[in-house]
Ligand code: PMP
C-alpha cells in the first residue's frame, strides 16, 4: 500500500516538474520529456535520499557548497532561532543587525592581511558583480575613471549576472544570448608572462601581461581568478603563480580579486584558497560554503584601502541588494563558521586529502583511460583519455565523462562531469565532514563505474 502511494507521489511530482519547473543548467527539452533524474527529499551527512527512499552518496556536496553535509540540525536551529526573533531587516540607510555585524567581524578575522571590510550579497554571481563595480568605483574615486576593464581567465566560472557572465571564460555561458558586456577580457589560464616586448610571440596576446600591455594598465580596473578553478575543470595553479600575479598587479597598480566561492571556508583545507600560497588579494568573493548552502548568502571582503577611498566623500554607496546582510542568512553563516572551528573541519579536510590522493592514484594505476588525477583539500578531479600516453581524447560522441558519471549515478553516487573541447573531466568534492570509510565507498563505486565504462567501450 505504502509503495503504491510512494510511486504515485513520485509520478505526480515528476509530471508537475515537467510542466512547471524550468531548470538551470539543464536541457529544457530533455527535462520536459523525461522529468528529473532524481527528486531529492532528505539528507544526512554525505548521504541524500530520493523520493522513493533510495540512498545516494553526495560526492559533490551538491554544488560544491554543502560543506558541513546534509541534515546539520544546528544550522536549522540557528535559522529557526533567528527567524523567530527577527527574520529580516534591512541594511540600507545604515540600518544594522547583530548577526550581520558579528559575521562581518568573523569573516574579517578569517581573511588574510587587512581584508577587514565585508559587503554582503545573496550569492556568488552578485558577489562578483559587486566586486567589479566596487573596483571601478574605487578607481573613479581616485580620479582614474578610465580604469574600467576587467581581466579574467578563459575556462573560469564567475556566475551568471551581467558582469559575472561576461567575466566567465566558458564560452557557452555567453553564447545563449551573446550576453558579454564590453570591457571584459580573457587571458589564457595560468599564462602570466611572455618575453617583454616580444609581440610576435604567439602567446603574448593571450598572456595576462600581454593583455595588460596591449590594453594599457591605466585602463584596467582588476583581474579576477579562482585560486583553484572549479567548474572549468578543477585546476590548481602552478607553484608561484598567484604570487607572481600579485606582483604583476602591484607593478601595474591593478586590483587583484580572487573568487573564493568554491574555495572559501575550508574546501581546500585552509580558510581561503589564497592561504595555500600566502597571497593577499585586494578583494575576495565568497558564497556557497559560508552557510554550507543551508541558506543563500554571498559577499565581498575587501582591503581597508578600498573602503578608505569611499570615506573621502559624503556620497551614498549606490549599490545594495534587499538581502545584503540578511539576518537569518548571517546567523546560519555564524553557526556554520563556529562548527567549522569547533569540529576541526579543516584538519579533517587535510587528513581526507591524503585518502583522496591515494584513492585517485589507485584509479590511475588500475584504469588505462584515467590520468591527470589531482586534489587539493576536498576538491579534486581525474581526466579520461582514449590513449592517455598520447593524450588522445575520446571522440566527443562517446561523452566519456558523462558516461562515467552516469554509471556512478546508477550505483547511487553523485559526481559531476566537465566537458571542455574534447577533454573529459570528472569532478569530486564531497562534504568536508566525509570520513575514510565514506571516501573509500565513493572510490569503490567510481572503480566499478570505470570498469562498466571500459567493458562497454568496445561497442562505442
Ligand atoms: N564563482 C564560482 C567560482 C562558482 O563556482 C560559482 C557557482 N558555481 C559562482 C561564482 C556563482 O555563484 P552563484 O551560483 O551563487 O551565483
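The values are calculated or read from the model by the stated rules, or taken from the named source; none is laboratory data. Remember, predicted model here, so these are calculated numbers, not experimental data. Neighbour counts run over all protein chains shown; Cβ positions are idealised from the backbone, glycine included.
Odds and ends about this structure:
- Scoring residue 403 on the criteria (1) touching a residue at least 40 places away in the same chain (Cβ under 8 Å); (2) touching a strand residue (DSSP E or B) at 6+ places or on another chain (Cβ under 7 Å) leaves a single failure, condition (2).
- Each residue in segment 161-176 was checked for being buried (at least 18 other Cβ atoms within 10 Å of the Cβ) and either outside any helix (DSSP H, G or I) or in contact with a strand residue (DSSP E or B) (Cβ under 8 Å, 6 or more places away or on another chain) (or both), and 7 pass.
- Residues satisfying the stated conditions in segment 246-265, i.e. surrounded by 24 or more Cβ atoms within 10 Å (Cβ to Cβ) and more than 17 Å from residue 117 (Cβ to Cβ): 254, 259, 261, 262, 263, 265
For every residue, the table says whether it meets (1) within 16 Å of the ligand (Cβ to nearest atom); (2) assigned to a helix (DSSP H, G or I).
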| residue | (1), (2) |
| --- | --- |
| 116 | no, no |
| 128 | yes, yes |
| 138 | no, yes |
| 157 | yes, no |
| 193 | no, no |
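- Against the test of being on the phi < 0 side of the Ramachandran plot and part of a helix (DSSP H, G or I), the options 247, 200 yield a single qualifying residue, 247.
- Look at segment 44-72: where a residue is closer than 14 Å to residue 265 by Cβ, no partner that is modelled with pLDDT under 95 and not in a strand (DSSP E or B) sits 6+ places away or on another chain with Cβ atoms under 8 Å.
- The set of residues in segment 412-460 that are farther than 23 Å from residue 293 by Cβ and assigned to a loop (DSSP other than H, G, I, E, B) comprises 421, 422, 458, 459, 460.
- Verdict on residue 179 being farther than 22 Å from residue 146 by Cα, within 16 Å of the ligand (Cβ to nearest atom) and surrounded by fewer than 24 Cβ atoms within 10 Å (Cβ to Cβ): yes
- Filtered by the rule that a residue be part of a helix (DSSP H, G or I) and away from the ligand (no atom under 15 Å from the Cβ), segment 266-312 gives 275, 276, 277, 304, 305, 306, 307, 308, 309, 310.
- Counted residues, segment 223-245 - those being crowded, with 20+ Cβ neighbours inside 10 Å and either more than 16 Å from the ligand (Cβ to nearest atom) or free of Cβ contacts under 8 Å to residues at least 40 places away in the same chain (or both): 2
- Where helices (runs of 4 or more DSSP H) fall wholly inside segment 1-113, no range has 2 or more residues that are in the same structural domain as residue 402 (by TED's automatic domain parsing) and exposed (fewer than 12 other Cβ atoms within 10 Å of the Cβ).
- Residue match in segment 201-218 (condition: within 16 Å of the ligand (Cβ to nearest atom), crowded, with 22+ Cβ neighbours inside 10 Å and assigned by TED's automatic domain parsing to the domain that holds residue 248): no
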